[in-house]
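*Asks:* Here's a structure for you.
The values are calculated or read from the model by the stated rules, or taken from the named source; none is laboratory data. Note that the coordinates shown come from a computational prediction; the quantities given were computed from them, not determined experimentally. So basically every Cβ, Gly included, is an ideal-geometry build from the backbone, and we count neighbours across all protein chains shown. Note: accessible area is taken over every heavy atom of the protein model, side chains too, but ligands, DNA and RNA are not part of it. Shrake-Rupley method; radii C 1.70, N 1.55, O 1.52, S 1.80 Å.
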Amino acid sequence: MSFEFFPPKSEKAEQHFWQSLEKLAPLDPRFVSVTYGAGGSTRERTLRMVRRIAAETGIEAAAHLTCVDASRDEVDEVVRGYKEAGVRRIVAVRGDPSNGVGEKFTPHPTGYANAVELVAGIGKIGDFDISVAAYPEKHPESANWEQDIDNLKRKRDAGAARALTQMFFDNDDYWRFLERVEKAGLDMPIVPGIQPIHNFSRISAFAAKCGASMPEWISSRFEGLEEDPQTHALVAASLAAEQVTELVDGGVTQFHFFTMNHASHVVALARVFA
Ligand code: FAD
């Protein structure tokens, strides 16, 4: 298992971050990753959190990195900062356009243009374990599946060790994606990204922005639960358990959990395959 966190903004949120991490640590994750805000907005916070995770918890830390609105030199400097901090794992993603998800992406004039270039650039600086992103429902900017899978192949050829998927809520999308990957002769772990639905309205809005579809049958399970957080939490936990159980039954052995900095759902889910 690996767990994804985002860098907290306030002191209180930071306390919560460390408490969640403490609860998740006994699950012995392969790594804990910390996201990188749009346009490098969390650059210092991401670095500070991964540095502390690496130094204080004994858990391997992975730093996310994007190439939005930054020159190659600026990105390379961040990579060197990770290297000096003893961070050996990077989740390398292009990043979303700074004017919003779904808008046209314009690379920085002297920057890395996409994740393939970013992965190759990171590899020149150090011997990092690099994860990249994959999309069971296709990246919204890919013209077709062929282009999408070819892009993933190029990320692997540039040095990526594995792909972590975008959230998905219908396991058939994941199974079909694995088939496409296999058919293309692409031999690389495709680790499913699991998003427990802590807050239906927020997660469904975010999913829509990322091009991840929310099946009608899931939406209907949350209907009328806006003012009933306890039942909402139970529904979310049972849905995530159903999803993970089915994936485990289908032979999946690695998972990446989007924790949103909360531990309880993931702690419960880990028991599905304990
Ligand atoms: P790429 O692999 O570069 O692909 C983007 C699109 O461009 C694809 O459609 C691809 O087919 C197309 N493309 C690539 N190269 C070419 C080319 N040469 N010609 C034509 N088309 C091309 N975002 C953040 O801002 N911070 C994070 O920390 C973060 N973490 C993430 C973690 C995970 C597990 C996932 C799944 C996503 C994460 N993202 C994050 C979101 C990610 O930045 C977006 O999904 C982004 O839109 C694409 O990133 P990518 O690395 O997949 O891009």
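*Asks:* Does the range 68-85 contain at least one residue that is within 30 Å of L178 (Cβ to Cβ), crowded, with 17+ Cβ neighbours inside 10 Å and within 12 Å of the ligand (Cβ to nearest atom)?
*Replies:* Start the filter on the range 68-85 by keeping residues that are within 30 Å of L178 (Cβ to Cβ), which leaves 68.
Filter once more, keeping what is crowded, with 17+ Cβ neighbours inside 10 Å: 68.
Adding the requirement that they be within 12 Å of the ligand (Cβ to nearest atom) leaves 68.
Checking the range 68-85: at least one residue is within 30 Å of L178 (Cβ to Cβ), crowded, with 17+ Cβ neighbours inside 10 Å and within 12 Å of the ligand (Cβ to nearest atom).
*Asks:* Out of curiosity, is A143 open to solvent by less than 20 Å² (accessible area, probe 1.4 Å) and either over 28 Å from T245 (Cα atoms) or modelled with pLDDT of 95 or more (or both)? Step through it out loud before you land on a result.
*Replies:* Details: open to solvent by less than 20 Å² (accessible area, probe 1.4 Å): no; either over 28 Å from T245 (Cα atoms) or modelled with pLDDT of 95 or more (or both): yes.
It is false that A143 is open to solvent by less than 20 Å² (accessible area, probe 1.4 Å) and either over 28 Å from T245 (Cα atoms) or modelled with pLDDT of 95 or more (or both).
*Asks:* Which one of the conditions (1) open to solvent by 20 Å² or more (accessible area, probe 1.4 Å); (2) modelled with pLDDT under 95; (3) of a type in the set (V, I, T); (4) under 25 Å from Q195 (Cα atoms) does V93 fail to meet, given that it meets all the rest?
*Replies:* (2)
*Asks:* Next up: Determine, yes or no, whether F257 is more than 20 Å from S2 (Cα to Cα) and of a type in the set (A, V, I, L, M, F, W, C). If you could, list the steps in order and put the result at the bottom.
*Replies:* On the way: more than 20 Å from S2 (Cα to Cα): no; of a type in the set (A, V, I, L, M, F, W, C): yes.
Judged against the criteria, F257 is not a match.
*Asks:* While we're on this one: So, in the range 163-172, how many residues would count as being free of Cβ contacts under 8 Å to residues at least 60 places away in the same chain, buried (at least 19 other Cβ atoms within 10 Å of the Cβ) and more than 7 Å from the ligand (Cβ to nearest atom)? Before the answer, list the steps.
*Replies:* Our first condition is that a residue be free of Cβ contacts under 8 Å to residues at least 60 places away in the same chain; within the range 163-172, this holds for 163, 166, 168, 170, 172.
Add one more test, that the residue is buried (at least 19 other Cβ atoms within 10 Å of the Cβ), and what stays is 163, 166, 168.
When the remaining residues are screened for being more than 7 Å from the ligand (Cβ to nearest atom), the result is 163, 168.
So the count comes out to 2.
*Asks:* Same structure again: Output the residues belonging to the range 86-105 that are within 13 Å of the ligand (Cβ to nearest atom) and out of contact with any strand residue (DSSP E or B) (no Cβ under 7 Å at 6 or more places or on another chain).
*Replies:* Those that are within 13 Å of the ligand (Cβ to nearest atom) and out of contact with any strand residue (DSSP E or B) (no Cβ under 7 Å at 6 or more places or on another chain): R94, G95, D96, P97, S98, N99, G100, V101, G102, E103, K104, F105.
Per-residue answers, yes or no, for (1) closer than 29 Å to R72 by Cα; (2) more than 14 Å from the ligand (Cβ to nearest atom); (3) part of a helix (DSSP H, G or I); (4) open to solvent by less than 30 Å² (accessible area, probe 1.4 Å):
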| residue | (1), (2), (3), (4) |
| --- | --- |
| P7 | yes, no, no, yes |
| H16 | no, yes, yes, no |
| S20 | no, yes, yes, yes |
| L24 | no, yes, yes, yes |
| R45 | yes, no, yes, no |
| M49 | yes, no, yes, yes |
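*Asks:* Turning to a different aspect of this structure: Considering only the range 221-238, I want to know if a residue exists there that is closer than 14 Å to Y135 by Cβ, in a helix (DSSP H, G or I), of a type outside the set (G, A, S) and modelled with pLDDT of 95 or more. Steps first, answer last, please.
*Replies:* In the first step, residues of the range 221-238 are kept if they are closer than 14 Å to Y135 by Cβ; the result is none.
For the range 221-238, residues closer than 14 Å to Y135 by Cβ, in a helix (DSSP H, G or I), of a type outside the set (G, A, S) and modelled with pLDDT of 95 or more: absent.
*Asks:* Next question. Can you say whether D148 is within 7 Å of the ligand (Cβ to nearest atom), acidic (D, E) and assigned to a helix (DSSP H, G or I), as far as the supplied structure shows?
*Replies:* On the way: within 7 Å of the ligand (Cβ to nearest atom): yes; acidic (D, E): yes; assigned to a helix (DSSP H, G or I): yes.
Against the criterion (within 7 Å of the ligand (Cβ to nearest atom), acidic (D, E) and assigned to a helix (DSSP H, G or I)), D148 qualifies.
*Asks:* Among (1) under 16 Å from the mean Cα position of the chain (by Cα); (2) within 13 Å of the ligand (Cβ to nearest atom); (3) under 23 Å from A161 (Cβ atoms); (4) of a type in the set (A, V, I, L, M, F, W, C), there is one condition A61 misses while meeting the rest; what is its number?
*Replies:* Evaluating A61 over (1) under 16 Å from the mean Cα position of the chain (by Cα); (2) within 13 Å of the ligand (Cβ to nearest atom); (3) under 23 Å from A161 (Cβ atoms); (4) of a type in the set (A, V, I, L, M, F, W, C) leaves (2) as the failure.
*Asks:* Same structure, new question: Exactly one condition in (1) open to solvent by 20 Å² or more (accessible area, probe 1.4 Å); (2) within 9 Å of the ligand (Cβ to nearest atom); (3) of a type in the set (D, E, K, R) is not met by E137; state its number.
*Replies:* (2)
*Asks:* Then there's this: Would you mention how many residues in the range 244-274 are open to solvent by 20 Å² or more (accessible area, probe 1.4 Å), over 16 Å from N199 (Cβ atoms) and in a helix (DSSP H, G or I)?
*Replies:* The qualifying residues number 9.
*Asks:* Another question, then. Regarding the range 147-163, can at least one residue be identified that is modelled with pLDDT under 95, touching a helix residue (DSSP H, G or I) at 6+ places or on another chain (Cβ under 7 Å) and either of a type in the set (K, R) or farther than 23 Å from V91 by Cα (or both)?
*Replies:* no
*Asks:* For A212, state whether it is within 16 Å of the ligand (Cβ to nearest atom) and part of a loop (DSSP other than H, G, I, E, B). Even if it seems obvious, please write down each step before you answer.
*Replies:* Working: within 16 Å of the ligand (Cβ to nearest atom): yes; part of a loop (DSSP other than H, G, I, E, B): yes.
The answer is yes for A212.
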